[in-house]
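Working notes, structure below.
The values are calculated or read from the model by the stated rules, or taken from the named source; none is laboratory data. Given the structure is predicted, the values throughout are model-derived calculations rather than measurements. Don't worry about glycine lacking a Cβ; one is built from the backbone with ideal geometry, like all the others, and counts go over all protein chains shown.
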Amino acid sequence: MRYSPTLVDHFLNPRNAGLMREADGSGSDEYAGCGDLTRFYLRVREGHLAEARFQAYGCGPTIAAASVATELAAGRAVEDLATLKAQEIEDALDGLPEDRKHAAEVAAGAMRAAALDALRRRHGNREA
Amino acid sequence: MTRRVYLDHNASTPVHPEVVAEMLPYFSDVYGNPSSVHGFGRDARAAVDAARDRVAAFLRVRPDELVFTSGGTESDNFGVKGLALARGRGHVITSKVEHHAVLRSAQALEAQGFAVSYLPVDQHGMVDPDDVRRALRPDTIAISIMHANSEVGTIQPVRAIGALAREAGVPFHVDAVQTFGKVEIDVDAMNIDALSFSGHKIYGPKGIAGLYIRRGTKMVSIQHGGEHERRRRAGTENVPGIVGLGKAVEVRARDMKTEAEAVSALRDRMWEGIRARVLEVRLNGHPTERLPGTANICYRNVESESIVLALDLKGIAVSAGSACTAGSVEPSHVLVAMGVPLDWAMGAVRSSLGRSTTAEDVDYVVASVTEVVRRIRQAMPVGAA
């Protein structure tokens, strides 16, 4: 098996898969040429992530990367998530083959987009 | 232990026990070089000749019309380039759904100044003989159309195309790697001048294949060296492989028809099972003109590789109809040529059943596919792809 047991576990038993209604922030990213797409929905309480859900289209690693990202993001400050690096997701999956690195990049990009959306909305509320 | 189900027989097959038994002495007991004059060599030569006779009898051709090669890819290279290069320049007709061994040989000829027409196919993956007729030019020097497609199983109208080729006086090469030993081939009735076939798709060993070349067909060699294979293909003969191919062919002659019926019935059972349980699926390929054991199924909005991976984890071996390499996904060139929309083509999974496949295997696969596709779709963004 070219994938780690952790990756396989997240692929077979994805955590937090599905839609979230009335999220405090959402964002997606896709990988050009590959068609992979990941989207996150965030519920934020006092500037920290209370709950994340994901939807993903792609190969096994893409689904696993999105799943593991919802776990490693739990409880963290949204500002922190706005700069999440792909390497952190890859490490949480115990590595990715060279030709599947994009799975972590798509998940990180989507998480950053969702966090930025949450930050924007919070600022919008304050101004209002 | 997890159940293991192998549904990738179009990729390769297990060597038949009767074939293994026949091959074994040729590794350690009869090891001479067939070109050697001594007794060791003569024993090996006798084995090669006997195997050639068996294959010739199966194909109903003359033994000296057969050349053993190292694989289907070499046979296709030999067939396509050998016919074209023997004529120096001109126009070659092939189709968009050929195996890459033919397609890239044709592209190599283009780079050398040959003109090539890549014929389209219909929604079932079939070439229209009328397109072949229209593509013929005064300088057409070769036609290469496959017998059956490895991905979707569609069987091409080679008989009609062969008739056109004969009428035009153009040599006709057929890549029969997927049909040899599975489907009836009559090189005379089909007017085939060169035919590629392989051992490991029919329960023979890997590394052995052949090219039938009709007597009198102008052909140049693409591999040079010694005087082997009547100076058409240089290189010491793969004696155990040739012996294995000879035996594999004999077993196919005996079992081919009954196996085809059984495998066809199991393939239908699988498709009916999946169709009844999984939403948004389609079966690719021709409804009737198809290989007995091949089922290419598209699961809309699911990526093939995720299905292949999930089934692999359940001990099931199938192959993806789209390939993701280095972050770029390429849907199968065959499905693209058939006009399968991208959101379907990306979710193509090929199962190819074989002689050892059972009804229990098929039922396990149907249940597994149903569960796996449902689970992957649960994590899927609506309208993605």
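For this structure, a couple of remarks:
- Selected residue (criterion: nearest to the chain's Cα centre (by Cα)) from residues of the stretch B:356-372 that are away from every other protein chain (no Cβ under 13 Å) and crowded, with 19+ Cβ neighbours inside 10 Å: B:Thr357
- Filtered by the rule that a residue be away from chain A (no Cβ under 13 Å) and hydrophobic (A, V, I, L, M, F, W, C), the stretch B:336-348 gives B:Val336, B:Ala337, B:Met338, B:Val340, B:Ala348.
- All positions within the stretch B:64-76 that are over 13 Å from B:Leu195 (Cβ atoms) and within 14 Å of the chain's Cα centre (by Cα): B:Gly71, B:Thr73, B:Glu74
- Positions within the stretch B:249-304 being closer than 26 Å to B:Pro14 by Cα, of a type in the set (Lys, Arg) and in contact with a helix residue (DSSP H, G or I) (Cβ under 8 Å, 6 or more places away or on another chain), in sequence order: B:Arg252, B:Arg269
- The stretch B:100-127: number of residues that are over 21 Å from B:Pro341 (Cα atoms) and under 21 Å from the mean Cα position of the chain (by Cα): 9
- Hey, B:Val187 among the β-branched types (Val, Ile, Thr) and part of a helix (DSSP H, G or I) or not: no
- Per-region count, the stretch B:115-167, residues closer than 20 Å to B:Thr288 by Cα and among the aliphatic types (A, V, I, L, M): 11
- Extreme residue, nearest to the chain's Cα centre (by Cα), among residues of the stretch A:22-35 that are within 21 Å of B:Glu330 (Cβ to Cβ) and facing chain B (nearest Cβ under 8 Å): A:Tyr31
- Residues located in the stretch A:69-112, provided they are within 14 Å of chain B (Cβ to nearest Cβ) and either of a type in the set (Val, Ile, Thr) or surrounded by fewer than 19 Cβ atoms within 10 Å (Cβ to Cβ) (or both): A:Thr70, A:Pro97, A:Glu98, A:Asp99, A:Lys101, A:Val106
- Among the residues of the stretch B:279-297, not a single one is among the small types (Gly, Ala, Ser) and surrounded by fewer than 23 Cβ atoms within 10 Å (Cβ to Cβ).
- Residue count, the stretch B:277-301 (criterion: touching a Leu at 6+ places or on another chain (Cβ under 7 Å) and of a type in the set (Lys, Arg)): 0
- Scanning the stretch A:31-53 for residues that are buried (at least 19 other Cβ atoms within 10 Å of the Cβ) and of a type outside the set (Val, Ile, Thr) yields a count of 12.
- If only residues of the stretch B:131-146 that are without any contact (Cβ under 8 Å) to a residue 60 or more places away in the chain and over 16 Å from B:Lys96 (Cβ atoms) are counted, the one that is farthest from the chain's Cα centre (by Cα) is B:Pro138.
- Of the candidates B:Val249, B:Val278, the single residue that is of a type in the set (Val, Ile, Thr) and under 22 Å from the mean Cα position of the chain (by Cα) is B:Val249.
- So A:Phe54, is it within 9 Å of chain B (Cβ to nearest Cβ) and modelled with pLDDT of 95 or more: yes
- Residue count for the stretch A:50-87, restricted to those that are farther than 30 Å from B:Ser304 by Cα and in contact (Cβ under 8 Å) with a residue 60 or more places away in the chain: 0
- Breaking point among (1) buried (at least 18 other Cβ atoms within 10 Å of the Cβ); (2) more than 22 Å from the chain's Cα centre (by Cα), for B:Arg52: (2)
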